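The values are calculated or read from the model by the stated rules, or taken from the named source; none is laboratory data. Just so we're clear, the structure is a prediction, and the values are computed from it rather than from any experiment. Glycine also receives a Cβ, built like all others from the backbone with ideal geometry; neighbour counts cover every protein chain displayed. Surface areas here come from the heavy atoms of the whole protein model, side chains and all, with no ligands, DNA or RNA. Shrake-Rupley method; radii C 1.70, N 1.55, O 1.52, S 1.80 Å.
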Amino acid sequence: TVQVDAKVGQSILQVSRENRVELEAFCEGQLACSTCHCIFEQSLFDQLPGAKDDELDMLDKAACLTDTSRLGCQVKVTKEFSGAVIRIPEETNNAM
């Protein structure tokens, strides 16, 4: 487990880069791959805005998909993220 600092409005991908957390992003956050796949705690996931169709299409290609999976490039930090645990799957799938 790694504790990081994040600013409201940043994407999870931006937070990972600023805090040197290894989160692959083959497409550099352009919503063209599933390598920034993250798994959220159910309570936090339930507070997130719904994923758009383009994100859902990419998530279909993600390895280790769960009911609380989202792409880190599409999720923005809110104040509700304080103390949250976000998991990065051990396996990624670079299908584009």
Candidate cut points under trypsin sites (Lys or Arg not before Pro) in the chain, DSSP loop plus at most 14 other Cβ atoms within 10 Å of their own Cβ, are Lys7, Arg20, Lys52
Checking the stretch 26-95 for chymotrypsin sites (Phe, Trp or Tyr not before Pro) in a loop per DSSP with at most 11 other beta-carbon atoms within 10 Å yields none
Taking a straight Cα-to-Cα line shorter than 16 Å from Lys79, and setting aside same-chain lysines fewer than 8 residues away, one finds Lys7
On the formula 1/(1 + (r/R0)^6), with r taken between the Cβ atoms of Lys76 and Arg20 and R0 of 25 Å, the FRET efficiency rounded to 0.05 is 0.80
In order over the stretch 23-32: 3J(HN,Hα) from phi, Karplus 6.51/-1.76/1.60, θ = phi - 60°, whole Hz, x for each Gly or Pro, gives 10, 5, 8, 3, 8, 6, x, 8, 6, 10
For Leu31, placing the label point 7 angstrom along Cα-to-beta-carbon and taking the stretch 58-84, residues whose amide nitrogen sits under 12 Å are 58-59, 71, 73-75
Expected unfolding gain across Val85-Val8 under the 0.36 nm per residue rule, minus the alpha-carbon gap, is 26.1 nm
With the charge dipole of the chain built from beta-carbon charges (+1 for Lys and Arg, -1 for Asp and Glu) about the Cα centre, the Cα from Cys33, Ala84, Ala62 projecting farthest to the positive end belongs to Ala84
The ratio Rg/Rh over the Cα atoms of the chain, Rh being the Kirkwood inverse mean 1/r radius, stands at 0.91
Phi-derived 3J(HN,Hα) across the stretch 60-72 with the Karplus relation (6.51, -1.76, 1.60, θ = phi - 60°), rounded Hz, x for Gly and Pro, is 4, 9, 6, 6, 6, 4, 10, 5, 10, 7, 8, 8, x
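Solvent-accessible area per residue for the chain at a 1.4 Å probe radius, Å²? Spell out each step's value before the answer.
On the way: 6150 Å² over 96 residues.
Normalised by residue count, the accessible surface of the chain is 64 Å².
Tally up the carbon and sulfur contribution to the accessible surface of the chain as a whole percent, 1.4 Å probe, everything protein left in place. Let's see the in-between values first.
Numbers: 2790 of 6150 Å².
It is 45 percent, rounded to a whole number.
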Isolated cysteines for the chain, Cβ-Cβ cutoff 4.7 Å, are Cys36, Cys38, Cys64, Cys73
Computed about the Cα centre, the charge dipole of the chain from +1 Lys/Arg and -1 Asp/Glu charges at the Cβ has a magnitude in debye, to the nearest 20, of 340
Quick note, the stretch 1-43: a/c under 1.5 would make it rounded; otherwise a/b > b/c is prolate and the rest oblate (a ≥ b ≥ c, C-alpha gyration tensor); here it is prolate
